[in-house]
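Let me begin by presenting the structure, written as structure tokens, before commenting on it.
Values in this text are rule-based calculations from the coordinates and carry no lab data. Please read these numbers as outputs of a predicted model, since none were measured by experiment. Positions of Cβ are backbone-derived with ideal geometry, glycine not excepted, and every protein chain shown enters the neighbour counts.
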Amino acid sequence: MDEEQRVDLGVALFIPYRYTEDRIFRALQDAGFDDWTLNQCRVFQRISPEGSRLTDLAEQAQMTKQSAGVLVDQLERLGYVRRAPDPSDGRARLIVIEERGRRAVEVARATLDDILAEWKAYLGTRNFALLQQILDQLREITDPYAR
């Protein structure tokens, strides 16, 4: 790739993410999960396996609590999630993934596995491992939600 074709590092990091997101969304649609939007999926993907509070989802999705609430309401009507009492705080509610949502997660995971296998084959095992190591290291200083 010559200098004219290079993009800045931020865009170079974004392009594979967007490719992955688009491919997973298409796979979900092809598998019959064609009743939700990409914005709904972006909130859905942030739901913890144990359930998440709406305020946490809104913060992670960088949107208002009201906007996140509208998307969660829609996901709930579609059968992907439900609201349940938070066992650690009786006043709070958790957004938890329902069976339909778990089936969608399986499709997304399988698609992601395919994508990563393709990247590993293209980059080679060593470069792929190095890329993952570098991105994990960079996450330490860029991801406020890293655990």
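Odds and ends about this structure:
- Shape call, segment 76-140: gyration tensor on alpha carbons, a/c limit 1.5: oblate
- Once backbone amide H atoms are built at 1.01 Å from N, residue 81 has 76, 98 as its partners under 5 Å, excluding neighbours fewer than 5 places away on the same chain.
- Chymotrypsin sites (Phe, Trp or Tyr not before Pro) restricted to DSSP loop in segment 75-147 with at most 11 other C-beta within 10 Å: 145
- Between residue 35 and residue 112, the modelled label-to-label distance comes to 2.4 nm, taking each label 7 Å out from Cα in the direction of the beta carbon.
- Contact order, relative form, for the chain: 21 percent (alpha carbon pairs under 8 Å, 6 or more residues apart, mean separation divided by residue count).
- Net charge over other residues, Cβ less than 13 angstrom from the Cβ of residue 61 (K, R count +1; D, E count -1): +2
- Segment 1-59: trypsin sites (Lys or Arg not before Pro) in DSSP coil with no more than 10 other Cβ atoms inside 10 Å: 6
- Fluctuation leader among 61, 104, 31 - the chain, Gaussian network, Cα springs under 10 angstrom: 31
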